[in-house]
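Asks: To start, I am sharing the structure in question, which I have written as structure tokens.
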Amino acid sequence: MKLVKKILLYEIHNTIRSKWVILYTFFFFLVGYGLFTFSGDVNKAYISLMNIIIIVIPLVSIIFGSIYFYNSREFIEMMLSQPIDRKSLYIGIFLGTAIPLSAGFGIGFSLPFILFGKVSEQIEGFFLLLLIGILLTFVFIALSFLISVKQDDKSKGLGLAILIWLILAVVYDGIVLLVIYYFQDYPLENAMIVLSAFNPIDLGRILFLMKFDIAALMGYTGAVFQRFFGSPLGVIVSIICLLAWIVIPFFLSHRFFKKKDF
Amino acid sequence: MINQIKLIFILSFILFSSLTFSKEIIVSSTGSINSILKAISQSNDYDTILIKQGEYAEGNIIVNKKLTFIGESYPIIDAKGIGEIFTVTSNEVHISGLVIKNSGVSFLEENAGIRLEEVKGCSITNNRFINNFFAIYLAKSADCIINGNYIEGVKKREANSGNGIHLWYCRDITIENNKILDHRDGIYFEFVRKGKILNNHSENNLRYGLHFMFSDSCEYARNTFVNNGAGVAVMYTKNVLMTDNHFSKNWGPASYGILLKDISDSKIEKNIFDENSIGLYMEGCNRVTIEKNNFTKNGWALKLMANSMGNYFYDNNFIANSFDISTNSRQNFNTFEKNYWAEYNGYDIDKDGFGDIPFRPVTMFSMMIESHPTSLVLLHSLFIDILNIAESIIPAITPEALTDPKPRMRMLN
């Protein structure tokens, strides 16, 4: 545990020094600041922020994670020549990447709210969005590590990372739409709930929808979603699904990492 | 002789005064006149009946003389759940300051707290109606005022709940400053001419906050309709003026800020539509002007069915709605101009305050939802955004003609 902490601190230091995280923080700060200055309406700002969060966070996390892992390859090899166990090293690197990135997001995202005094206006929405952002960061860093451990070739790995992002952010919803069109004669509401669990981006999006587009969700379909995702049970299940999206790729990659021949 | 003349004069004066001047009859549970029915039987036209504090349970009270009822410290008139309470069949009856309770639920008769039947010039002011089937019921009456009443129903099922204020075949009625809660319809208008509904608050009603049919040339202004089962419905009417009303939190699968059906030559101005499932629903509406309204945080700000023509939408604000407009056709015969759309992201090079490229408020996704409601699950998805952008460049399924050629760059206050 002590070792994990040591590696973690070193990694955090290293990540922050790379300045990317600072840029990332600054990006969220600017977006939030801009939205509040130009629109003034908190609800509109929330919807725009949600749109940005569910697109940008997965993309940045998965690319940043892969690049970081590939760039630390020599460091990892060097560390592995020391008498330390692979588990501690791996956990240390993982958390050392995910924590600064989520912190960067958290700070950049929260600052405009605090500056404009808008936290209290929609406190539930604020914390929900913060939580979704942080969970998505962890999910996509875990995915990027899985890719990087399996794929030694850096350019192939990066290509795969972008492909996975594209599938989860865009293609998956296209498939969902196809399913809706092809099976329109069947009651699909519950199937949709299950389908959404297989995509962390959709999970994050739907969780947030339940708080902000309530009015649009009052039809029959909306009522079914609302009853599941709007209930405390639904929120807990969704968060567990998101956690599973962190834990499963992490353990898989950890297993590969332990057996990997550097 | 002079004395005799004096006496005759005084006597005739007394006689005369008793004929023309009104007297005041005091009803109190401890006094000699202890019931309202007794007071009415002893009264003449233009008398005032003052009802002292207390509880009076005397069944149906038929008012067939021009009387004024005044309650002192809110006496309670209780029907104990059987029949009607006041039935007014005479002109110029004024009722104020009473608590009217428990008129009977019936499936055959529309028992009311106060019923005005074919009368003129009456007023019902500052009463409290609690737990009545119908609270105030006007039939074939004219020139009456209903002001400052507090009306609270019981909110059971639609079938055994009546309306708060019910008007049938009336004209020139003013309904002002009333608060209506938990009835079936808050205010009900059928075949009314020149009615005015001002400053009322209608909340938590089972069906409509205001239900309005075949009532031409009416006006409603500065009312608040909150959290009613289905919002407000205005149907089969022309020349209605709706201004400064607030429609809020009407949530449900069939819930509307306002539902307009077969309305023509009317005006909807300066209203606020806030957090409704559907802000404004228009079906078969012609030549209606919709101006200076605020649509915020609705599911659908506007649902415009294709059988509506010649409506004119301008100077409205559309902010943070899940969908601004949805429609069921590729045709459009309505005009949109100078509205502010929060969704608009065009530019304004000539700095005249209006965007240089037209805005298309109907997105592909809103058309998709009309045909495939399940696709709602994809709301705000990146994939859908891409589709919407592609559709806005080359319209394939959205109505091409439904555009705002001069969208505002800034919100209108």
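Asks: Just want the ordering: B:Leu387, A:Leu3, B:Leu210, from fewest to most Cβ atoms lying within 10 Å of their own Cβ. Intermediate results must be reported in sequence, preceding the final value.
Replies: Numbers: B:Leu387 19, A:Leu3 14, B:Leu210 29.
Placing the least packed residue first, the sequence is A:Leu3, B:Leu387, B:Leu210.
Asks: Along its principal axes, what span do the Cα atoms of segment B:119-165 show, with the longest given first and each in whole Å?
Replies: Sorted from largest, the Cα extents of segment B:119-165 read 34, 22, 9 Å.
Asks: What number does chain A give for Rg over Rh if you use C-alpha atoms and the Kirkwood radius?
Replies: Numbers: Rg = 19.6 Å, Rh = 19.6 Å.
Result for chain A is an Rg/Rh of 1.00.
Asks: Using each residue's phi in segment A:74-79, evaluate 6.51 cos²θ - 1.76 cosθ + 1.60 at θ = phi - 60° and report the 3J(HN,Hα) Karplus result to the nearest Hz, with x for Gly and Pro.
Replies: Running phi through 6.51 cos²θ - 1.76 cosθ + 1.60 with θ = phi - 60° gives 5, 4, 5, 4, 5, 4 Hz.
Asks: Enumerate the calculated ³J(HN,Hα) couplings along segment B:146-153 in order (Karplus 6.51 cos²θ - 1.76 cosθ + 1.60, θ = phi - 60°), each rounded to whole Hz, writing x wherever the residue is Gly or Pro.
Replies: Rounded to whole hertz, the list is 10, 9, x, 8, 10, 10, 10, x.
Asks: Still on this structure: Using alpha-carbon pairs under 8 Å, 6+ residues apart, how would you state the relative contact order of segment B:235-389 in percent? Walk me through the numbers before you get to the answer.
Replies: Numbers: 386 pairs, mean separation 23.0, N = 155.
It comes to 15 percent, rounded to a whole number.
Asks: Could you pull out every residue, at least 5 positions away or on a different chain, whose amide H is within less than 5 Å of the one on B:Val63? Hs are placed 1.01 Å off N in the peptide plane, and Pro or chain starts have none.
Replies: B:Thr87, B:Val88, B:Thr89
Asks: Rg and Dmax in Å for the protein assembly as shown, alpha carbons only: what are they?
Replies: Final numbers for Rg and Dmax: 34.1, 143 Å.
Asks: Let me understand segment B:22-229 better: what is its radius of gyration from the alpha carbons, and its Dmax, in angstrom?
Replies: 16.0, 49
Asks: A further question follows. Tell me, what HN-Hα J-couplings in whole Hz come from the Karplus equation 6.51 cos²θ - 1.76 cosθ + 1.60 at θ = phi - 60° for each residue of segment B:95-106, using x for Gly and Pro?
Replies: 10, 8, x, 10, 9, 10, 10, 6, 6, x, 6, 8
Asks: With all pairs of different alpha carbon atoms counted, what Kirkwood hydrodynamic radius in Å does segment B:330-384 show?
Replies: Details: mean 1/r = 0.0732 Å⁻¹.
Here the Kirkwood hydrodynamic radius works out to 13.7 Å.
Asks: If you don't mind, there's one more thing I want to ask. Project the alpha carbons of chain B onto their principal axes and report the range along each, largest first, in whole Å.
Replies: 106, 47, 30
Asks: While we're here: Cut-off is 10 Å between beta-carbons; in what order do A:Phe262, A:Phe36, A:Phe27 appear when sorted fewest neighbours first?
Replies: Details: A:Phe262 10, A:Phe36 20, A:Phe27 16.
Going from sparsest to densest Cβ surroundings: A:Phe262, A:Phe27, A:Phe36.
Asks: State the Cα centre-to-centre distance between segment A:1-74 and segment A:83-161 in whole Å.
Replies: Answer, in whole Å: 7.
Asks: While we're on this one: If you split all Cα-Cα distances of segment B:101-146 into 10 Å bins from zero, what percentages do you get per bin, shortest first?
Replies: Pair shares across the bins are 28, 50, 22, 0.
Asks: Also: Let me confirm one metric for peptide B:233-245, namely the mean number of other chain beta-carbon atoms within 10 Å of its residues' beta-carbons.
Replies: Values: counts 0, 0, 0, 0, 0, 0, 0, 0, 0, 0, 0, 0, 0.
Mean inter-chain Cβ contacts per residue within 10 Å come to 0.
Asks: Moving on to the next point. Where does segment B:285-413 land on Rg/Rh, using Cα atoms and the Kirkwood Rh?
Replies: On the way: Rg = 14.1 Å, Rh = 14.9 Å.
Rounded to two decimals, Rg over Rh is 0.94.
Asks: Let's test this: bin the Cα-Cα distances of segment B:240-342 at 10 Å from zero up to the farthest pair and state each bin's percent.
Replies: Taking every Cα pair in segment B:240-342, the percentages come to 17, 54, 28, 0.
Asks: Across peptide A:105-115, what mean number of C-beta atoms from other chains lies inside 10 Å of a residue's C-beta? Present the calculation step by step, with values, prior to reporting the outcome.
Replies: Numbers: counts 0, 0, 0, 0, 0, 0, 0, 0, 0, 0, 0.
Mean shielding count: 0.
Asks: How would A:Thr137, B:Thr87, B:Thr363 line up from fewest to most surrounding beta-carbon atoms within 10 angstrom? Before the final figure, lay out the partial values.
Replies: On the way: A:Thr137 29, B:Thr87 18, B:Thr363 22.
In increasing order of surrounding Cβ atoms, one gets B:Thr87, B:Thr363, A:Thr137.
Asks: Related question: Hey, which lysines would be in cross-link range of B:Lys303, C-alpha to C-alpha under 25 Å, not counting anything within fewer than 8 residues on its own chain?
Replies: Those lysines meeting the cut-off are A:Lys44, A:Lys211, B:Lys238, B:Lys249, B:Lys261, B:Lys267, B:Lys270, B:Lys292, B:Lys338, B:Lys406.
Asks: Take every Cα pair under 8 Å in chain B that's 6+ residues apart, average their separations, divide by the length, and report that relative contact order as a whole percent. Intermediate results must be reported in sequence, preceding the final value.
Replies: Values: 1303 pairs, mean separation 25.9, N = 413.
Relative contact order of chain B: 6 percent.
Values quoted throughout were computed directly from the atomic coordinates according to the rules given, and no laboratory measurement underlies them. Nothing here was measured: the structure is a model prediction, and the numbers come from that model. FYI the Cβ positions are ideal-geometry reconstructions off the backbone, even for glycines, and counts take in every protein chain you see.
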